[in-house]
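Presented below is the structure to which this report refers.
The values are calculated or read from the model by the stated rules, or taken from the named source; none is laboratory data. Keep in mind that this is a model prediction, so the values were computed, not measured. A quick note on method: Cβ atoms are made from the backbone with ideal geometry, for glycine too, and the neighbour counts reach across all protein chains shown.
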Amino acid sequence: MFHVEQHFKKDQLVYKAKDYIKRGEVFLIYKDNSSGILWTDFSQTLSHKENYNSIQYTPHSKKTNLFKRVYKISQNLMLLYKRILLGREIIVSERGLDFGSGDGAFFSYMSSSSFTIDALDPFFKAKNMNEENFYSDLSEVPDNQYDIIFMWHSLEHVQSLENTINGVYKKIKANGSLIVAVPNHKSFDSRYYKNAWAALDVPRHLWHFTTTSITNLMLKHNFKLKRSFPLLLDAYYISYLSAKNKKSYFPIFEGIIIGTLSNFIGLLSGQFSSQTYVFKKKN
């Protein structure tokens, strides 16, 4: 049986959210007032891994060739965007770990630029990875191994939140960096779509953050926020999927409109749909 960490309290019921990808069940999302973190109450008998055993989990995989081309172009732009904005951290790093490597896109991109990188994912192993640079569990990774660890939309998936952060801390060298990208449930698109917001993605997303809650959580585990930046294209994709959840007649057009509004409001408020945080390890 699968359980999330239960020391997070059910102080406030925030959402009743539906699993739009796999089983169509409704899950409750509570707020823990002391941390400000929202968490998905998942008490089913299925293992967490079974929640990923659906081709629908990668929505682009079943779309038309045009959609696939647009998705691939967007993905490549985002990879370049991440590489440029993280230039200073990558330049001073000799070795990195892609935690939650998924389809291996970021791993392949960084490997092709002569950066030494390993991958970790408990649910997927991409074809371009071999046993020498791939891990399926954090416990397999040696301590003090990496100058930088990347967690691109993976922290919200881990079963044991604080134990995972503690484990990641041990794998990073002194003065190393941790890069974390997560959805922000204070963004405009989240508030617009409410419980149909695709980035809730229950029950795969177990944790739901704001800038304040994730900064405080990381500081508690000896990671200090250095800077942050938005992943602007995520607002369009999440809005498109959210519009589909609401059975919009024109989800692509609605996604463009709401995504643009979300990014514009984010420029004024600092609350973007998806945010990347650069944390520095405190020794």
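A few remarks follow.
- Looking across segment 177-209, just one residue is within 17 Å of residue 220 (Cα to Cα) and of a type in the set (Gly, Ala, Ser), and that is 177.
- Looking only at residues in segment 11-32 that are β-branched (Val, Ile, Thr) and more than 19 Å from the chain's Cα centre (by Cα), the one that is farthest from residue 246 (Cα to Cα) is 14.
- Members of segment 159-168 found to be among the hydroxyl-bearing types (Ser, Thr, Tyr) and surrounded by fewer than 19 Cβ atoms within 10 Å (Cβ to Cβ), listed by number: 160
- In this entry, residue 181 passes the filter for residues that are closer than 22 Å to residue 109 by Cβ and in a strand (DSSP E or B).
- Whether a residue is crowded, with 21+ Cβ neighbours inside 10 Å, on the phi < 0 side of the Ramachandran plot and assigned to a helix (DSSP H, G or I) was assessed, and residue 156 passes this test.
- Residues that are touching a helix residue (DSSP H, G or I) at 6+ places or on another chain (Cβ under 9 Å), at pLDDT 95 or above and surrounded by fewer than 16 Cβ atoms within 10 Å (Cβ to Cβ), drawn from segment 1-15: none
- Pairs are defined by a Cβ separation below 7 Å, a sequence spacing of at least 6 or placement on different chains, a first member in segment 238-254 that is under 22 Å from residue 19 (Cβ atoms), and a second member that is surrounded by fewer than 18 Cβ atoms within 10 Å (Cβ to Cβ) and among the polar types (S, T, N, Q); the pairs so defined are 254/248.
- Among the residues listed as 18, 68, 31, the single one being of a type outside the set (A, V, I, L, M, F, W, C), modelled with pLDDT of 90 or more and over 25 Å from residue 179 (Cα atoms): 18
- Checking each residue in segment 116-151 for being acidic (Asp, Glu) and loosely packed, with under 15 Cβ neighbours inside 10 Å picks out 131, 132, 137, 140, 143.
- Of all residues in segment 214-230, those satisfying the criterion of being in contact with a Ser or Thr (Cβ under 8 Å, 6 or more places away or on another chain) and either free of Cβ contacts under 8 Å to residues at least 60 places away in the same chain or crowded, with 21+ Cβ neighbours inside 10 Å (or both) are 225, 226, 228, 230.
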